[in-house]
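Peer 1: I have a structure I would like to understand better, so I am pasting it below and will then ask my questions one at a time.
The values are calculated or read from the model by the stated rules, or taken from the named source; none is laboratory data. Note that the structure is a prediction, hence the values are computed from the model and not measured. Positions of Cβ are backbone-derived with ideal geometry, glycine not excepted, and every protein chain shown enters the neighbour counts. The protein model used for the area step is the full one, side chains on, heavy atoms only, and it has no ligands, DNA or RNA in it. Shrake-Rupley method; radii C 1.70, N 1.55, O 1.52, S 1.80 Å.
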Amino acid sequence: MTAGLSSSLSRRARIRGWRPIVALGLAALAGCGSAPRTPAAATSAAPSTAASPAPAGSSAPIRIGIALGGGAAKGFAHIGVIKMLEANGLAPAVVAGTSAGSVVGALYASGMNAFELQQKAVALDEASIRDLQFSSGGLVLGQKLEDYVNAQVHNKPLEQLAKPFVAVATRLEDGERTVFARGNTGQAVRASSSVPGVFQPVAIGKYHYVDGGVVSPVPVDAARQLGADVVIAVDISSKARGRAPGDLLGTVGQSIAIMGQKLGHAELARADVTIRPAVLDIGAADFTQRANAILEGEKAALAAMPRIKERVAQLQAQRAQAAQQAQAQAAQARQKSCLEQRSSWRKLAGVAGLDDSCTAP
């Protein structure tokens, strides 16, 4: 019995002694092939640059767009909204404006910050943007407004402003919504702000243009088309509240708001967040209420801030998850490609646990 046990132990020892030799043989055979191979470590560590996903958590920043609606003197509220967005680290990257919103939007897109906008608003002399000229088309020519805007943006065309910006107007000949993204900034703003019956229509090329509020009171779609991930709409339009406005501009403004109500509601529904400053009691031509309008814009933006931050956080989480999934899929694809390209000897070494060049992600 003792002799049998001794014989068994001797055989096991001999088998253990052969294992290093087998291992060396497999490793040597794995290195042999009909053509040279890239070292395993280099192959697994050198993926194609084009196919490499962004590291988890390094997805592109959320692009915020702001859609500034029309409302004549109520438009000063837009400045207050922008102030609060900037104060909370949520400065809009793209801007779309209709009517009064196009005036504020153009100045903001030119590179001014919210405090500079407020300084301009306080210093604004109403006479500097109003040129009365009685005609069948309207009471105000609008050339002064065009000149004022161009002076503020240093005569830069739309496509050269610091932030992407578009002004929305209505083509008078057929009622088509027109988005101005190139060319004379002041002229585009003038077209967008030409309230029918008050401002004379603006001739550009072979067409004439009037206030964008007729077809797009708050230009949410235009902001989205500029590439915004999150669109913040600022609605300052007049609402029918059971009584008639007390002046011509207010009457025309409320009439336009009523005409564009259905279109406006559908477009506003496509915004991520809608801010409505409490400026309905401010007259369309009441420039004396500019400070109050700015304050109401600030208050409304602060009230909406939790919703804005929540929406931005949702998109960031979705992008981070998508980046992680893309990274995992790319790693699996690299492993699959590595496994398929191994020689038969390398595959044999992998089965024996001696080749880990195609490690699972």
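Peer 1: Work the Kirkwood hydrodynamic radius out for segment 268-321: mean of 1/r over every pair of different alpha-carbon atoms, inverted, in Å.
Peer 2: Numbers: mean 1/r = 0.0763 Å⁻¹.
With all distinct Cα pairs of segment 268-321 included, I get 13.1 Å.
Peer 1: Now for a separate question. Can you bin segment 108-147 into rounded, prolate or oblate? Criterion: square roots of the alpha carbon gyration tensor eigenvalues sorted a ≥ b ≥ c, rounded for a/c under 1.5, prolate for a/b above b/c, oblate for the rest.
Peer 2: Values: a/c = 4.40, a/b = 2.43, b/c = 1.81.
In terms of gyration-tensor shape, prolate.
Peer 1: Then there is this: Please enumerate, by chain and number, the aspartates and glutamates with C-alpha under 17 Å from the C-alpha of Lys144, excluding those fewer than 8 residues away in the same chain.
Peer 2: Within reach: Asp125, Glu126, Asp131, Asp211.
Peer 1: Under 17 Å from the Cα of Lys336, which aspartates and glutamates turn up, not counting those fewer than eight places away in the same chain?
Peer 2: Cross-link targets: Asp355, Asp356.
Peer 1: Here is a follow-up. Which ³J(HN,Hα) values in Hz, rounded to whole numbers, follow from the phi angles of segment 192-209 under the Karplus curve 6.51 cos²θ - 1.76 cosθ + 1.60, where θ = phi - 60° and Gly and Pro get x?
Peer 2: 5, 9, 7, 4, x, x, 10, 9, 6, x, 9, 8, 9, x, 9, 10, 10, 10
Peer 1: Give me the net charge of Lys206's neighbourhood, meaning all other residues with Cβ under 15 Å from the Cβ of Lys206; Lys, Arg count +1, Asp, Glu -1. Present the calculation step by step, with values, prior to reporting the outcome.
Peer 2: Values: positive: Arg171; negative: Glu173, Asp174, Glu176.
Its environment carries a net charge of -2.
Peer 1: Further, regarding this structure: Measure off, as a whole percent, the carbon and sulfur share of the 1.4 Å-probe accessible area of segment 253-325, all protein chains present.
Peer 2: Ligands and nucleic acids excluded, carbon and sulfur give 55 percent.
Peer 1: Take the alpha carbon gyration tensor of segment 136-193, find the square roots of its eigenvalues, order them as a ≥ b ≥ c, and report rounded if a/c is under 1.5; if not, report prolate when a/b exceeds b/c, else oblate.
Peer 2: Values: a/c = 3.28, a/b = 1.28, b/c = 2.57.
Verdict is oblate for segment 136-193.
Peer 1: Place the peptides 194-205, 153-164 in order of packing, highest mean first, counting for every residue the other Cβ atoms within 10 Å and averaging per peptide.
Peer 2: Working: 194-205: 20.1, 153-164: 16.2.
Final packing ranking: 194-205, 153-164.
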